[in-house]
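Take a look at the structure set out below.
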Amino acid sequence: MEGPWSCLFYLYGVLVDALSLCESPVKLHASELNRDQYLGRWLFIAAASSSPSSLATFTTTDSTVFSMTQSKSPEQLQLQAAIQLKTGQCVPRSWIYLLKDQSADLATEGRPHMKTELFSGKCPNSIIVQETDQDYQRILLYSRVLHPAEDCIADFKDKAACLDMDEFLLIPRTQGTCGFQEP
C-alpha cells in the first residue's frame, strides 16, 4: 500500500513544481564576468530576506550609489559606496571583492565567511546580488537608473518570494545621492 501513495505524492510534487511560477535567476560566474557590462555606477534599489534583522542595516538608508572599478590586480574589484542616510548624513564605504579561479562567487576581503553571488536581472541595467554570511542571507537589487520600472521591482519581489524571502525593503531614494569621498 505504501508504494502507490509514495508514487502519488511524487507525481503531485512534480506537478506542483511544473506549475510553479518561480523562475530561477540566471547566475553570473564571477570569474567570467563581463567587466565592461558590470563595472561602473550602480544604485541600490531594494533588499529582501527571510528575516527583518537581515535588512535592519538598511532601514536608516535613503539612497546609496556604488562604483565598481577594476583594481590594479585582475583578481580584485574595488567597490566604493556613498550612502545617504535618512538624516541627510553621507557615509562613505569601500570593499574589495576577490575573484578566485574556479569559483562562481565573489569573496570579500576581510570577511572570510561572506559569500556574494551575482545574478542577472530581468530588466536591462539591473543586477541582483545575493549575500550570505554567518548571520544573514539576503538579496539586493541594483540598477543603473534611480527609478527602475515597477515591473523590475515586481520581478525582484517574485524572485525573493521564490527564495522564501518575504521581508522586503524598498530604499526610499528621496534625497538624491551623495558624492564619492576618499575612504
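Annotations
- Across segment 71-84, coupling constants 3J(HN,Hα) worked out from phi with the 6.51/-1.76/1.60 Karplus curve, θ = phi - 60°, read 6, 4, 8, x, 8, 10, 10, 9, 10, 10, 10, 10, 9, 9 Hz, and Gly and Pro carry x.
- Applying the Karplus relation 6.51 cos²θ - 1.76 cosθ + 1.60 with θ = phi - 60° to segment 150-162 yields 3J(HN,Hα) values of 4, 5, 5, 5, 4, 4, 4, 4, 4, 5, 5, 4, 5 Hz, where x marks Gly and Pro.
- As a calculated quantity, the FRET efficiency between THR87 and VAL145 at R0 = 30 Å, using C-beta atoms, amounts to about 0.75.
- Rounded to the nearest 0.05, the FRET efficiency derived from the C-beta distance between ALA161 and LYS72 at R0 = 35 Å is 0.30.
- Spin-label model, GLN37 to ASP101: label points 7 Å out along the Cα-to-beta-carbon direction sit 2.4 nm apart.
- Coordinate range of the alpha-carbon atoms in segment 23-170 per principal axis, descending: 38, 36, 31 Å.
- Virtual spin-label span in nm between LEU170 and LYS122, 7 Å along Cα→Cβ: 1.5 nm
- HIS29/THR59 FRET efficiency (R0 45 Å; Cβ-Cβ; nearest 0.05): 0.90
Values in this text are rule-based calculations from the coordinates and carry no lab data. All values reported here derive from a predicted model rather than from experimental measurement. Using ideal geometry, Cβ is built from the backbone for each residue, glycine included, and neighbour counts are taken over all protein chains shown.
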